[in-house]
Amino acid sequence: MRTVRGHGRGPAAARNRGWRAARRSGAEWIAFLDDDVELPAGWAQRLAEDLAACGPEVGATQGRIDVPLPGHRRPTDWERNTASLEDADWATADMAYRVAALEAVGGFDERFPRAYREDADLALRVRRAGWQLVRGQRRITHPVRPADDLVSLRVQAGNADDALMRRLHGPDWRRAAEAPPGGFRWHAATVAALGTAGAGAGAALTATVLGHRPARRAALAAAGAGAAAWGWLTGRFVLLRTVPGPRPGDPEFRPELGRMLRTSVAIPVAAVRHKARGWWRHRGTGPWPVPVRAVLFDRDGTLVHDVPYNGDPDAVELVPGAREAVDAVRAAGLRVGVVSNQSGIGRGLLTRAQVDAVNARVTELLGPFDTWQLCPHAPEQDCACRKPRPGMVLAAAAELGVDPSECVLIGDIGADVEAAQAAGAGSVLVPTPVTREEEVAAAPAVAGTLREAVAAVLAPGAGAGTEARPAARPAPAAAAGARG
């Protein structure tokens, strides 16, 4: 088993990192499982049978999900929420996708930050790309996770993801994605009633201070109507959530009733707030994968031959094809930048003036870059900018006026890939003799040369998640570089 880091950027990004690393084994299919499912004996054999039954037109096959519920009482609201997975379409709790289908659509949309809607979005894009999705015969068990009393309130953050789905797939997205209808309209009505009650009360207070009796009566009437509507809507919501649950006399009844009363008051406001946040955040969001607007290069080992702790401009030598690669990026209308660890400064082996002189020579040979980002710190200084941390990638994106997801970082070691991943950028690894085997194995995209890496980034239809073809690792050289 090999583990690759996801850098806490959500399930979509982690799954992309995993399948892009795994597909280089030559696998035709990638099976996705949630970390909280249980596999019965023989699951792998039944998965193989499901895959064998798929024709060439099938892009994915879904397993069947069993959610065990208490047999001695009715399920709680949270237990029913989990049980809804049994009827969910295309849930990645157990979903196997054909690699070709994933490549065709750029994998999961990493702008979905939670384990919510990212699977429906992927399934919808795969079907629109011409693939069929089918249900297999294999089964998994999905236990109900332990949860605190406010879990139903926290999951309202998913309303922001619903806003993203609407932005990407239009107002009819629920029907297209085979998603069940939601209750947002009821939540919006509840918030509107609450707002009417509050506004009426405020207007009544103002009218009282000013001595306007008719205005006060009208305001109080509005406040009363709003309060009555809010009370009815909230009571309805409480009943919808409690009637299917534990009955009076069950030990779980009182705790569940308390949870439902507290959260039913707060959920409509939270749902509307998250939906509004999603509408605003994604008002200009376009399709996935996002187009590349900037290419960032590592310096030593990528653009120029790696001379450990080089402070001599005369020792700068371009790698083959570097000028052509950088010129191709510029000709495509993309911004270019350099992100480079220069720990020689922090170690006392170089001065900043020496590093600047070397960079000036690089600029002389390759032309001007739109941003230079250097980390002068030694590893033990534990800074936020030194790769594999994302500081320089984020700073470069900010200086260029692009989102990190619109950047691709091309480098020669794992720290370059990890920095890009942590920042939310794409990456292509171009191995050199100092690149470790495990870094090549874990990289989402690998190219044999710098020119091949740039060609993959600039290919028609490519985005920041674009994939270069796997490349053989160069043979080890006698001398290794300092790796920054």
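Every number here is computed from the coordinates shown, using simple stated rules; none is lab data. Just so you know, these numbers come straight off a predicted model, no measurement behind them. Because the Cβ atoms are built from the backbone with ideal geometry, glycine has one as well, and the counts that use them run over all protein chains shown.
The Cα-based radius of gyration of segment 185-281, divided by its Kirkwood radius, gives an Rg/Rh of 1.14.
Absence of a disulfide-compatible partner, taken as no other cysteine beta carbon within less than 4.7 angstrom, is noted in the chain for C54, C383, C407. Remark: segment 83-93, residue by residue, has Karplus-estimated 3J(HN,Hα) of 5, 5, 5, 4, 9, 6, 8, 6, 6, 7, 4 Hz, where x stands for each Gly or Pro and the curve is 6.51 cos²θ - 1.76 cosθ + 1.60 at θ = phi - 60°.
How would D382, D300 line up from fewest to most surrounding beta-carbon atoms within 10 angstrom?
Values: D382 9, D300 28.
With the fewest neighbours first, D382, D300 line up as D382, D300.
Taking the number of Cβ atoms within 10 Å of each Cβ as an exposure proxy, the fewest-first ranking of L409, L133 is L133, L409. If the chain linking A441 and R277 were pulled fully straight, counting 0.36 nm for each residue of separation and taking away their Cα-Cα distance, it would gain 55.2 nm.
The separation of segment 192-232 from segment 44-113, counted between C-alpha centres, amounts to 49 Å. Relative contact order for segment 11-146: 43 percent, from Cα pairs under 8 Å spaced at least 6 residues apart, divided by residue count.
With no solvent and one equal point scatterer per Cα, compute the Debye intensity ratio I(q)/I(0) for segment 307-379 at 0.15, 0.19 Å⁻¹ and report its log10, rounded to two decimals. Rounded to two decimals, the profile gives -0.53, -0.81. Spin-label pair R139-D250: with each label point 7 Å from Cα along the Cα-Cβ axis, the two points sit 2.3 nm from one another. For segment 294-458, averaging the sequence separation of C-alpha pairs within contact (under 8 Å, six or more residues apart) and dividing by the residue count gives a relative contact order of 23 percent. Largest first, the extents of the alpha carbon coordinates of the chain on the three principal axes equal 85, 70, 41 Å. A Förster radius of 60 Å, combined with the Cβ-Cβ distance separating L318 from A215, puts the computed FRET efficiency at roughly 0.15. Only DSSP H runs of four or more residues enter the estimate; each adds -39500 (n - 2.57), and after division by the residues of the chain the mean residue ellipticity at 222 nm equals -14000 deg cm²/dmol. With both residues required to sit in segment 50-187, DSSP beta bridges show an antiparallel share near 30%.
Calculated on the Cα set of segment 134-258, radius of gyration then Dmax: 21.3, 73 Å. Out of all DSSP beta bridges in the chain, what portion is antiparallel? Express it as a percent rounded to 5. Of the beta bridges lying entirely in the chain, close to 30 percent run antiparallel.
For the chain, the membrane-span-like helix rule (DSSP H, alpha carbon extent of at least 24 Å along the helix axis, mean Kyte-Doolittle at least 1.0) picks out 184-210; this says nothing about an actual membrane.
Per-residue Cβ neighbour counts within 10 Å put S25, S340, S152 in the sequence S25, S152, S340, beginning with the fewest.
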